Amino acid sequence: MPQPETHRFSTPLEITPEQVRELAILCRTLAHDAAQFIASHRPPRESVADTKSTPTDVVTQMDRDIEAQLRGRIVQLRPDDGLLGEEGSSKASTSGFTWVVDPIDGTVNYLYGLPGYSVSVAVVWGAPDPATWVQVAGAVVRVSDMATWWAGRGIGAFRGETVLAINNPVSLGACLTGTGFGYDARLRALQARVLLEVLPAVRDIRRVGSAAVDLCSLAEGSLDLYFERGLSPWDMAAGTLIAREAGALTIDHEGAPPSKTMTVAGPSGLVLELAEILRKTGAAADINDVR
Ligand code: LIP
């Protein structure tokens, strides 16, 4: 008798390294083609099509067009898989696999013509929820220079064909640390307070504007450490896998899997040190309670 879908998704993932690699290469191809389209079709002066959670959380027509293109290709190539996209795509999975896509991560950079934006494509096993998903493969392509980072579960992380490995700085004080800020002014006020504690403890802070690029920069050693509150599944689905396959520990501030509440990534000892500062500063506090 066929098992209900929920039962099937709770079964462990059984997949060979060759199958993981095939999925990783598909992520890479989809992200690469989308990035190429963006690079060749960006109008000289881009404009805002709409806003989402707050007036500063913008969406452009390109975000929507790219998500529609990714959706079309995924449905055609992998009809049984589910889909979750930043611009609203949501399709249930009947295979157990779900694609988690961010058509443009770093939309504000895209809008202003700054280089830190990317396409992120990942495939996960189970519900597309960072608390429970099994990340299988993912790719991030930075549009400005077509830098391509990709990884598969258990097969490593790569930039092009180069194997990636994180840095191992001697102390927190030696860490160039990436972070980002949310779109809600109350959250930003809290994030500014947290920075008062973090900034003196690290080498310096970088705010590039694309969480996916930050996590890949960590993977290749152009950042040492990364933390951010407020990431959605599509911001981190490919990036946290790439960082982990390059040797990073990826957790929330309490040691659970990364979540919207907090993502901390880097060498394990330093991640734990930074997580402790984040706990002490109340970085994950309810923003309604923050004064
Ligand atoms: C953005 C990020 C950025 C983060 C923003 C936002 P979007 O994604 O990746 O680094 O700080 O809060 O989530 O909205 O451009 O796809």
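The values are calculated or read from the model by the stated rules, or taken from the named source; none is laboratory data. Worth saying up front: this structure is predicted, and the values here are computed from it rather than measured. Glycine also receives a Cβ, built like all others from the backbone with ideal geometry; neighbour counts cover every protein chain displayed. Note: accessible area is taken over every heavy atom of the protein model, side chains too, but ligands, DNA and RNA are not part of it. Shrake-Rupley method; radii C 1.70, N 1.55, O 1.52, S 1.80 Å.
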Self-check item: Whole-number accessible area per residue in Å² for the chain, which is evaluated in the context of all protein chains at 1.4 Å
Solution: 44
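Using only the Cα atoms of segment 12-163, what semi-axes does the equivalent ellipsoid have when each is the square root of 5 times a gyration tensor eigenvalue? Give whole Å, largest first.
Details: eigenvalues 138, 65, 32 Å².
Over the Cα atoms of segment 12-163, the semi-axes work out to 26, 18, 13 Å.
Rounded to the nearest 500, what is the chain's calculated 222 nm mean residue ellipticity when only DSSP H runs of at least 4 contribute -39500 (n - 2.57) each, over all residues?
Values: 8 runs with 103 residues, N = 291.
Computed ellipticity for the chain at 222 nm equals -11000 deg cm²/dmol.
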Practice problem: Starting from the Cα of Glu161, step 7 Å along the direction of its Cβ; do the same at Leu199; then give the gap between the two resulting points in nm. | Solution: 4.5
Quiz item: What's the center-to-center distance, using Cα atoms, between segment 97-134 and segment 230-291 in Å?
Solution: 17
Self-check item: Potential extension, Ala68-Glu254 segment - 0.36 nm per residue separation minus Cα distance
Solution: 63.3 nm
Practice problem: Give, to the nearest whole percent, the P(r) tail of segment 23-108 beyond 21 angstrom, counting all Cα pairs. | Solution: 32
Exercise. Any chance you could list P(r) for the chain, counting all Cα-Cα pairs in 5 angstrom bins from zero, rounded to whole %?
Key: 1, 6, 13, 17, 18, 17, 13, 9, 4, 1, 0, 0, 0
Quiz prompt | Burial ranking of peptide ranges 18-24, 183-189, 264-270 (average Cβ count within 10 Å, highest at the top) | solution = 264-270, 18-24, 183-189
Quiz item: If you count, for each residue, the other Cβ atoms within 10 Å and average over each peptide, how do 146-152, 99-105 line up from highest to lowest?
Solution: 99-105, 146-152
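Given the convex hull of the Cα atoms of segment 122-172, what is a quarter of its surface area in nm²?
Values: hull surface 21.9 nm².
Quarter of the Cα hull surface area: 5.5 nm².
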Quiz prompt | Total charge dipole magnitude, the chain, about the Cα centre, Cβ charges on Lys, Arg, Asp, Glu only, Debye to nearest 20 | solution = 320
Quiz item: Roughly speaking, to the nearest percent, how much of the chain's 1.4 Å accessible area is carbon and sulfur?
Solution: 54
Practice problem: Output ³J(HN,Hα) for segment 95-100: one whole-Hz value per residue in order, computed from phi by the Karplus curve 6.51 cos²θ - 1.76 cosθ + 1.60 with θ = phi - 60°, and x for Gly and Pro. | Solution: 9, x, 8, 9, 8, 10
Practice problem: Stick to the Cα atoms of segment 249-291, pair each with every other, and give me the Kirkwood hydrodynamic radius in Å at one decimal. | Solution: 10.5
Self-check item: Rg and Dmax [Cα atoms of segment 206-249; Å; Rg one decimal, Dmax integer]
Solution: 9.3, 24
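Apply 1/(1 + (r/R0)^6) to the Cβ-Cβ distance of Ser171 and Arg42, taking R0 = 30 Å, and write down the FRET efficiency to the nearest 0.05.
0.15
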Self-check item: Along principal axes, Cα extents of segment 172-284, largest first, whole Å
Solution: 33, 30, 25
Self-check item: Cβ crowding within 10 Å averaged over residues, with 129-135, 176-182 ranked highest first
Solution: 176-182, 129-135
Self-check item: Partner lysines for Lys52 [C-alpha distance under 24 Å; skip if fewer than 8 residues away on the same chain]
Solution: Lys91, Lys260
Exercise. List, largest first, the extents of the alpha carbons of segment 14-58 along their principal axes, each in whole Å.
Key: 45, 28, 10
